[in-house]
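To start, the structure itself, in structure tokens.
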Amino acid sequence: MNGAEHFALAPNWEWWILAYFFFGGIAGGSYAIGTLVRLFGTAAGQRAARIAFIVSFVALVPCPIFLAVDLGQSFRFWHMLVDTSGGGLVFKPWSPMSLGSWALLIFGLFSFVSFLGALAESGTSALDPVARFLAGTVGAVWDSIGSVFGLFVAGYTGVLLAVSNQDVWSDAGWVLGGMFLASALTGSAALLLLLVARRRDVEAGTTDRLELADRNFAVLETLLIILFLVSVGVAGTLARLLGIWLILWAVVAIGLAASLALARVRGLPPLASPALALLGVLALRAVVIFAAQQ
């Protein structure tokens, strides 16, 4: 494999890549949750699906910007998609960067169309043709395919780290991709709870199901974090994640506790729990990205 595709030294990623990892996860996770609500939710709960599709696209919009700025040569982002020397498209199935770039582009198309459909359903009559296109079986197939790309975008960032030669990241193996995916779903469910909790046009049953989904995702995320720490511990690099980084791990733990409803027992306001869960999702990505590069 090309050494340029799998970095052997710390890439010295900064806050831009953290924002990309976070918002990309929210975009993919929200789209997948919106699809589940659309396909299996009640008619009264479809408002939550529309909100999820809107959130997905809004979160996705800055992702190419964050990624391009982090590259250092922002205007060359399109070089990962187009061959500037001989023309044509560039697709390298062995390269996580190439796969991720194309997945981001394709998912962007699905997310944008679903975003327009959600606006149409919310009363934007000029977009009625999009709503008709997404109706019935065609819409279900469209949302399902889009969810596949959305989940890929949400989880591939962890895979991108795992295939490097960087300690901690490479030590985790497949667990890192699964952990980022579960974390993205936890954060997406929490964000949707924040947005629909006090809306009278969203039925209480939909909110209850989002809370249940948030708890289940948090359970899965917790298990994968444990596997991640065990994998790193076996490799002998656990110390890289300790020290000052224990502060961020505490934020991760508080966020998971909030999703698991433990924080509500302590009397926190209802909306505080999903807010803490989102903060935990951000902290998890920060500690994984920056601790390994120290």
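The values are calculated or read from the model by the stated rules, or taken from the named source; none is laboratory data. What you see is a predicted model, and the numbers here were worked out from it, not measured in a lab. Note that we place each Cβ from the backbone using ideal geometry, even for glycine, and neighbour counts take in every protein chain shown. Calculation scope for accessible area: heavy atoms of the full protein, side chains included, ligands and nucleic acids excluded. Shrake-Rupley method; radii C 1.70, N 1.55, O 1.52, S 1.80 Å.
Computed values, structure above
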item	result
In Å², nearest 10: area of E211 left accessible to a 1.4 Å probe	50 Å²
Order of exposure, largest accessible area first, which applies to R215, R132, R209, R285 with probe 1.4 Å	R132, R209, R215, R285
Peptides 60-66, 278-284 ordered by average Cβ neighbours within 10 Å, highest first	278-284, 60-66
Using θ = phi - 60° and Karplus 6.51 cos²θ - 1.76 cosθ + 1.60, couplings along region 19-35 (whole Hz; Gly, Pro as x)	5, 4, 4, 5, 5, x, x, 5, 4, x, x, 5, 5, 5, 5, x, 5
Under 14 Å, Cβ to Cβ, from G117 - net charge with Lys/Arg +1 and Asp/Glu -1	+1
Filtered chymotrypsin sites (Phe, Trp or Tyr not before Pro), region 149-233: DSSP coil and at most 12 other beta carbons within 10 Å	none
Heavy atoms of W249: accessible area, 1.4 Å probe, square angstrom to 10	40 Å²
Area of D171 that stays accessible when all protein chains are in place (1.4 Å probe, Å², to 10)	40 Å²
Accessible area per residue in Å² at 1.4 Å probe, computed on region 19-71	31 Å²
